[in-house]
1. As a test of reading the structure, rank Y23, Y93, Y78 by solvent-accessible area (1.4 Å probe, protein chains only), most first.
2. With each run of n ≥ 4 DSSP H residues scored as -39500 (n - 2.57), what mean residue ellipticity at 222 nm is computed for the chain after dividing by its residue count and rounding to the nearest 500 deg cm²/dmol?
3. Which order do you get for W32, W41, W8 if you rank them by accessible area with a 1.4 Å probe, largest at the top?
4. I need the phi-derived Karplus couplings for the stretch 87-94: 6.51 cos²θ - 1.76 cosθ + 1.60, θ = phi - 60°, integer Hz, Gly and Pro marked x.
5. At a probe size of 1.4 Å, how large is the accessible area of R13, to the nearest 10 Å²?
6. Under the rule of at least 5 residues apart or a separate chain, name every residue whose amide H is placed under 5 Å from the amide H of V36.
7. Residue by residue through the stretch 31-46, what is 3J(HN,Hα) from phi via Karplus (6.51 cos²θ - 1.76 cosθ + 1.60, θ = phi - 60°)? Round to whole Hz and write x for glycine and proline.
8. Just checking the chain: which Cys have no other cysteine's beta-carbon under 4.7 Å?
Amino acid sequence: SDSLLVVWTSGDREVARKMVFMYTKNAKLKHWWSRVRLVVWGPSAQLLANDKDLQNELEELKAAGVELQACKACADRYGVSEKLEKLGCQVIYMGEPLTRHLKEGFMVLTF
């Protein structure tokens with residue numbers, strides 16, 4: 001498969017800036033993968049919803065063509081679903097989509 005799924009769960013800001021966002025954006029811009037999807041899951045949902053710098057970097061990911069999703073169950077628990085939707089994330093329950101992506105052969109990176 002030429003599709004990459006990046007599952008970002010870490011609440012660590014430096015992991016987001018120095019690895020997740022950097023690699024995901026470049027993977028799309030430099031055509032390392034034809035399809036790149038970032039899934040915001042767990043503590044990363046709260047971090048993204050409350051960090052303006054990360055939100056600005058997320059805009060760059062969107063502009064590069066990275067698909068953005070967030071786990072609804074997690075976002076609801078943190079009370080940030082609406083914020084993530086406004087940032088351009090498709091906020092959905094992720095169990096079934098993750099399973100489908102795995103079966104479809106997406107390469108998966110987790111942070």
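1. On the way: Y23 65, Y93 140, Y78 85 Å².
Greatest to least solvent exposure: Y93, Y78, Y23.
2. Values: 6 runs with 53 residues, N = 111.
Dividing the helical sum by the residues of the chain leaves -13500 deg cm²/dmol.
3. Largest accessible area first, the list is W32, W41, W8.
4. My calculation for the stretch 87-94 gives 7, x, 7, 7, 9, 9, 5, 9 Hz in order.
5. Result for R13: roughly 70 Å² accessible.
6. Amide H neighbours of V36, under 5 Å, 5+ apart: L4, E67.
7. Each residue's phi maps through the Karplus curve to give 6, 5, 9, 6, 10, 10, 10, 10, 10, 8, 9, x, x, 4, 5, 5 Hz.
8. Lone cysteines by the Cβ rule: C89.
The values are calculated or read from the model by the stated rules, or taken from the named source; none is laboratory data. Values in this document were obtained by computation on a predicted structure and should not be read as measured data. With ideal geometry, Cβ positions are generated from the backbone for all residues, glycine too; neighbour counts draw on all protein chains shown. With ligands, DNA and RNA removed, areas are computed over all heavy atoms of the protein, side chains included. Shrake-Rupley method; radii C 1.70, N 1.55, O 1.52, S 1.80 Å.
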